[in-house]
Amino acid sequence: MTVDEFGDEVLRHVSALDEAAHRRAVALGEEAPALRDGLQVPSSRKVLLPLLAGLWAAGRATETPALSRLARQGLLAIGLGAMATKAGKRVVCRARPNQGRDPARWGKADGKHASFPSGHATTTAAVATVVALNRGLSPVTVAGVGFAAAVGWSSLATERHWATDLLAGSVTGIVAAVVADAVDEWVEERTGRDA
């Protein structure tokens, strides 16, 4: 088997998994349309960025370094994740499920509105990971991970993304959060104070 044949075989299996997940999520979404449709806006950067900025300001005003650190890292993680996601979309150009329902349509979409990786998955995974890094295993961490998973399901059910788009977005968000945590710790050590 050549490298090209191996690559084609892997993509064939990935496409089959994406198609199966897509069918199942769409069917479940028809049973819970309010939940299916209600998660995209609260998980957007337009909502989460002002929320985190407000938490950062509140942490500074109340002299609560843990709160301001969490918010600061969340803002940085979302920014890093957004840059990586936008670059990935422009390079991969994968068509969304609602643009033809073929998971094998790689390189067939406008790079700005492409499906791979998922920006919502990147954002929610970044925030959930920042919360986990700062709060450990806590109820707020569990809620954050649950919210990220629900947003992923909503993206499948509303035919905005394939399952592998969500997986790639989640990995991107996790990496962005780990980098944001490391950068923030480095800045705190260099400045000797909570920024």
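Binning at 10 Å from 0, report for region 135-195 what percent of all alpha-carbon pair distances ends up in each bin.
Per 10 Å bin, starting at 0, the Cα pair percentages come out as 20, 34, 29, 13, 4.
Fully extended, how many nm does the chain gain between Ala66 and Glu188 (0.36 nm per residue separation, minus their Cα-Cα distance)?
Extra length from Ala66 to Glu188 when fully extended: 42.7 nm.
Roughly how many Å² of Thr2 are accessible to a 1.4 Å probe, to the nearest 10?
Number for this one is 80 Å².
Using the eigenvalues of the Cα gyration tensor, what equivalent ellipsoid semi-axes result for region 35-103 when each is taken as the square root of five times the eigenvalue, whole Å, largest first?
After diagonalising the Cα gyration tensor, the semi-axes are 33, 16, 7 Å.
What does the extension gain come out to for Val140 and Lys46, with contour length at 0.36 nm per residue minus their alpha carbon separation?
Roughly 31.7 nm would be gained on extension.
Roughly how many whole Å is it from the C-alpha centroid of region 1-26 to that of region 127-185?
For region 1-26 versus region 127-185, the Cα centre distance is 24 Å.
Using just the helices of the chain, give the 222 nm mean residue ellipticity in deg cm²/dmol: DSSP H runs with n ≥ 4 each add -39,500 (n - 2.57), and the total is spread over all residues, rounded to 500.
-25500 deg cm²/dmol
Assuming R0 = 22 Å, what is the FRET efficiency of Asp4 and Val171, from their Cβ-Cβ distance, to the nearest 0.05?
According to the calculation, E is roughly 0.30.
Per 5 Å bin, what percent of the C-alpha pairs of the chain does each bin hold, from zero upward?
1, 8, 14, 18, 18, 14, 10, 7, 5, 3, 1, 0, 0
As an exercise, use a Förster radius of 25 Å and the Cβ-Cβ distance of Ala20 and Ala87 to find the FRET efficiency, rounded to the nearest 0.05.
0.30
Quick one: accessible surface of Phe116, probe radius 1.4 Å, all protein chains present, in square angstrom to the nearest 10.
50
With angles folded into 0 to 90 degrees, how steeply does helix 3-31 sit against the dominant principal axis of the chain? Use alpha carbons for both and round to 10.
Between helix and principal axis, roughly 80 degrees.
On C-alpha positions alone, give me the angle between the axis of helix 139-157 and the longest principal axis of the chain, in degrees, nearest 10.
30
What percentage of the solvent-accessible surface of the chain, computed with a 1.4 Å probe over protein heavy atoms, is contributed by carbon and sulfur atoms?
The value for the chain is 65 percent carbon and sulfur by accessible area.
The values are calculated or read from the model by the stated rules, or taken from the named source; none is laboratory data. Because the structure is a prediction, the values reported are computed rather than measured. As a convention, Cβ positions derive from the backbone with ideal geometry for all residues, glycine included, and neighbour counts pool all protein chains shown. These accessible areas exclude ligands, DNA and RNA; they are computed on the full protein's heavy atoms, side chains included. Shrake-Rupley method; radii C 1.70, N 1.55, O 1.52, S 1.80 Å.
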